[in-house]
Amino acid sequence: MADVSSRRGDLAGHPDMSEMQTRYSRVLGGRDVALVDGPVFLAGLYCAISPWVVDAIGTGQPDLAAHNLVLGLAIALMALGFTLAPARMYGLSWAMAAIGAWLIFSPWLVGTDPTAAVIWNNIVVGAVVLLLGLLCAQQVMRNRASR
């Protein structure tokens, strides 16, 4: 049997080490907001299920329920895109901020006579999505300015 215990466990002596480091830096460049991806995904999922949580359907708000379901799924898909293709998707951070602002005002524009629970739910979810979108957009602008 061959003795492999003398081999080094790291890649320091690998002939392609500098190329691998360059590629790794390029792939992960602009990932300063990676910690935001999870909360964005969770906010999107909550937005999608929130009509059932606050009973918007039982209070006669089917339009608002469908509205929150679609926007919540869109936010969750954007979060997946931020994770899977960050270089391409972080330009949509402003769109996520706009969706958050829209969620704040949507109970009065989409719904008919919304209840206080529905209004507060959309205000809180919209504010969270708006803040996360602005945070992502700020990081994107900072990364572009540093290049």
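The values are calculated or read from the model by the stated rules, or taken from the named source; none is laboratory data. All of these numbers come straight from a predicted model, not from anything done at the bench. Neighbour counts are summed over all protein chains in view; Cβ atoms, including those assigned to glycine, are modelled from backbone coordinates with ideal geometry.
Looking at the structure I just gave you, is L134 closer than 16 Å to V36 by Cα and at pLDDT 85 or above? Spell out how you get there, then give the answer.
Working: closer than 16 Å to V36 by Cα: yes; at pLDDT 85 or above: yes.
The answer is yes for L134.
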Residues of the stretch 91-126 that turn out to be touching a residue at least 24 places away in the same chain (Cβ under 8 Å) and within 17 Å of F41 (Cβ to Cβ), as a count | 9
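Sort out which residues of the stretch 35-63 are acidic (D, E) and more than 17 Å from the chain's Cα centre (by Cα), and write them in order of number.
First pass over the stretch 35-63, keeping only residues acidic (D, E): 37, 55, 63.
Of everything in the stretch 35-63, those that are acidic (D, E) and more than 17 Å from the chain's Cα centre (by Cα) turn out to be D55, D63.
Do we find that Y90 is among the aromatic types (F, W, Y) and under 24 Å from R142 (Cα atoms) in this structure? Steps first, answer last, please.
Working: among the aromatic types (F, W, Y): yes; under 24 Å from R142 (Cα atoms): yes.
Against the criterion (among the aromatic types (F, W, Y) and under 24 Å from R142 (Cα atoms)), Y90 qualifies.
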